[in-house]
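A short worksheet on the structure shown next.
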Amino acid sequence: MSGLKNKIKAATLVDILRNRAEKQPHQKIYNFLVDGENEELSLTYSQLEQKAQAIAAYLQSVISPQDRVLLLYPAGLDYITAFFGCLYAGAIAIPAYPPRPNRSLHRIQNILQNAQTDLALTNTDTLQSLERQLDSTPELKKLRWITTNTIASHEGKNWQEPNVSQDSIAFLQYTSGSTAEPKGVKIAYQNLLHNLEAIHRCFRHSPQSKGVIWLPPYHDMGLIGGILQPLYGDFPVTLMSPLMFLQNPLRWLKAIARDQATTSGGPNFAYDLCVRKFKPEQLTGLDLSSWQVAFNGAEPINHETLNQFAEIFAPYGFDRSAFYPCYGMAEATLIISGGSKNSAVVTKTVQRKALEQNKIVSSDSSDSHPHTLVSCGQSLIDQKIAIANPETLVSCKPGEVGEIWVSGSSIARGYWEQPEITEATFNAYLQDTKVGPFLRTGDLGFLDRGELFFTGRLKDMIVIKGRNHYPQDIEKTVEETNSWIRPSGVASFSIDIQGEEKLIVLAEVERRYWTSNRSKAKANGNSASDLIEVKDLTQLIKREISKNHDLQVYTTLLLKPGSLPKTSSGKIQRHACRTDFLANSIEGLPL
């Protein structure tokens with residue numbers, strides 16, 4: 001690992017933090033903006049290690065090495081100390097966000113069932129807020145709860161260095177809230193350090209770097225890129241809650257200016273939100289000239305968003321060469337590809353209709369609907385990216401869109417207790433060359449002169465505001481909303497509305513419901529009083545999706561039985577549904 005070669009011989013993050021705490025005990029590493037603006041809490045290397053050792057010592061008295069431990073914290077320093085406490089104990093951390101009041105607990109229940117753990121770490125405030133839900137949720141009530149903020153620092157004297165190696169699992173990154181198959185990606189220490197070194201090298205980090213991160217710490221980009229990378233690269237980072245960012249995205253830019261940060265970023269929607277919420281009267285004196293790496297990943301990158309952001313914030317010192325498009329996923333630990341620091345963003349303008357057919361044809365002046373794609377950079381230097389036909393598993397030819405396959409040392413060890421899915425996802429071989437094994441990303445894209453272009457998700461993943469949503473989860477929620485909704489008769493997908501992804505839900509209703517409402521509409525001239533039932537049902541669907549998935553539905557249509565296109569095996573064809581919806585060829589019950 002070149003970034004630490006002359007400093008630390010590290011097999012794990014524990015080795016790195018111990019070295020930092022010994023050599024630079026009083027150096028601040030984490031600064032948390034409680035209110036997103038002024039109220040600050042901080043941790044030095046020494047304080048972090050002391051708290052981690054105390055938590056670890058307590059854990060070592062109640063668990064065995066490589067036991068799984070659920071972490072339920074809001075964004076903040078308690079979460080960080082608990083995560084490192086698990087590493088110091090040799091336990092496997094499971095980052096998760098605490099469920100909000102009156103929100104679904106399905107995701108937490110699924111994680112607990114898959115991980116087979118009965119131990120959860122949190123703080124006293126979070127546990128108190130969960131008390132009502134504990135009484136109605138047996139899976140949570142039977143957990144052994146440890147509030148880490150009440151563990152005395154002197155507990156650390158009993159800490160014993162864990163017997164972990166590069167092959168030991170550091171944590172499980174859960175990527176699916178599916179009720180049927182929750183998937184916990186097994187991130188080994190070797191995966192973690194390899195990917196942290198890749199980020200360090202790609203971003204050209206140094207001890208002179210400074211970070212500002214608002215990303216959720218429970219997911220790969222926020223945890224690895226935002227929390228672990230600064231410790232690995234030995235530079236300070238200022239953190240804030242994603243809720244503080246969403247309430248006022250300009251807080252993010254102000255924090256960058258205040259700290260003169262060099263590295264920050266997020267999904268495309270974050271830059272778009274800053275453009276939409278731009279208020280010059282709130283940005284007097286803003287200076288973004290220190291910003292050297294403005295990374296953009298985790299969802300499709302919109303070329304127009306980059307242009308708008310660069311144009312609006314250029315007067316405040318932002319240099320568009322700071323843009324750093326990248327691509328990654330939890331199954332590859334985090335980063336898979338990235339560009340060259342301070343280089344121009346690489347784009348390719350293609351014919352939209354050809355792209356819909358998985359063909360790459362350069363657009364010309366006669367094309368009335370060109371589509372500009374943004375490159376996600378090039379592959380890591382010690383990694384291989386292949387583009388394969390997802391059905392035949394044969395290498396795609398130049399100019400063809402296929403599934404992105406990846407092999408290298410950052411590829412995780414599979415899914416926890418999911419051997420069949422692990423085999424299918426992590427052990428793919430190209431049928432024409434027999435080269436492998438590869439990780440099948442489930443994403444579509446192509447390579448052009450070494451640049452990776454992402455074009456869409458083979459898996460029908462719905463990505464809204466930087467969060468991934470599996471359509472089958474949303475569809476299950478809709479099916480369970482009311483008995484009038486036909487089982488296996490729901491489709492969900494997203495469409496682009498002025499550069500922002502919006503959720504669409506199509507739901508078939510039982511035949512008697514459809515016939516009854518159609519008859520009323522014809523007989524009474526669509527009077528509002530006669531159509532309240534339809535409005536009530538669509539509102540109920542929207543409320544349930546909001547409650548269970550924290551998503552707003554843009555459009556809900558109730559359809560005639562048998563309307564949705566399906567495969568011969570009865571699976572909903574979501575791409576076909578989306579095409580029909582955009583073509584206005586779907587008949588729904590009138591509101």
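Just so it is clear, none of the values below were taken in a lab; they were calculated from the coordinates. Note that this is a predicted model, so its numbers are computed, not measured. Don't worry about glycine lacking a Cβ; one is built from the backbone with ideal geometry, like all the others, and counts go over all protein chains shown.
Quick check on the chain: helices-only [θ] at 222 nm, where DSSP H runs of length 4 and up contribute -39,500 (n - 2.57) each and the sum goes over total residues. Nearest 500, please.
Counting only the DSSP helices, I get -9500 deg cm²/dmol.
Using bins 10 angstrom wide from zero, how does P(r) for the range 174-302 break down, in % of all Cα pairs?
Histogramming the range 174-302 at 10 Å steps yields 12, 40, 33, 12, 3, 0 percent.
Can you list which of the trypsin sites (Lys or Arg not before Pro) found in the range 447-510 are DSSP loop residues with at most 13 other C-beta atoms within 10 Å?
When the trypsin sites (Lys or Arg not before Pro) of the range 447-510 are filtered for loop state and at most 13 Cβ neighbours within 10 Å, ARG449 remain.
Cross-link candidates for LYS476: which lysines have Cα within less than 24 Å, leaving aside residues fewer than 8 places away along the same chain?
Of all the lysines, those that pass the test against LYS476 - Cα under 24 Å, at least 8 places apart if same chain - are LYS183, LYS459, LYS465, LYS502, LYS535, LYS542, LYS547, LYS560, LYS566, LYS571.
For the chain, compute Rg over Rh where Rg is the Cα radius of gyration and Rh is the Kirkwood radius from the inverse mean 1/r over Cα pairs.
Reported Rg/Rh, Kirkwood definition of Rh: 0.97.
Note down the nm distance, to one decimal, between modelled labels 7 Å out along Cα→Cβ at GLU480 and at SER365.
5.8
Expected output is a single nm value to one decimal: the length gained when fully extending between GLN573 and GLU281, i.e. 0.36 nm times separation in residues minus the C-alpha distance. What is it?
100.3 nm
Arrange the following residues from fewest to most other Cβ atoms within 10 Å of their Cβ: TYR88, TYR316, TYR174.
TYR316, TYR174, TYR88
Would you work out which of TYR79, PHE203, THR126 lies farthest towards the positive end of the dipole of the range 2-242? Charges go on Cβ: Lys and Arg +1, Asp and Glu -1.
PHE203
About its Cα centre, how strong a charge dipole does the range 333-457 have in debye, to the nearest 20, once Lys and Arg get +1 and Asp and Glu get -1 at the Cβ?
My answer is approximately 280 debye.
Quick one: if you stick a label point 7 Å off each Cα along the C-beta vector at SER488 and ARG511, how many nm between them?
1.7
Determine which lysines satisfy two conditions relative to LYS51: a Cα distance under 21 Å, and not lying fewer than 8 residues away in the same chain.
Output for LYS51: LYS23, LYS28, LYS157.
Can you grab the distance from the C-alpha centre of the range 185-209 to the C-alpha centre of the range 139-168, Å, no decimals?
25
Between LEU243 and ARG201, how many nm apart are label points set 7 Å from Cα along the C-beta direction?
For LEU243 paired with ARG201, the spin-label model returns 4.0 nm.
Taking only the alpha-carbon positions of the range 2-242 and ignoring solvent, what does the Debye formula give for the base-10 log of I(q)/I(0) at q = 0.08, 0.09, 0.13 Å⁻¹?
Debye intensities relative to I(0), on a log10 scale: -0.28, -0.35, -0.77.
Set the Förster radius R0 to 25 Å, insert the Cβ-Cβ distance between GLN113 and GLU423 as r into 1/(1 + (r/R0)^6), and round the FRET efficiency to 0.05.
0.75
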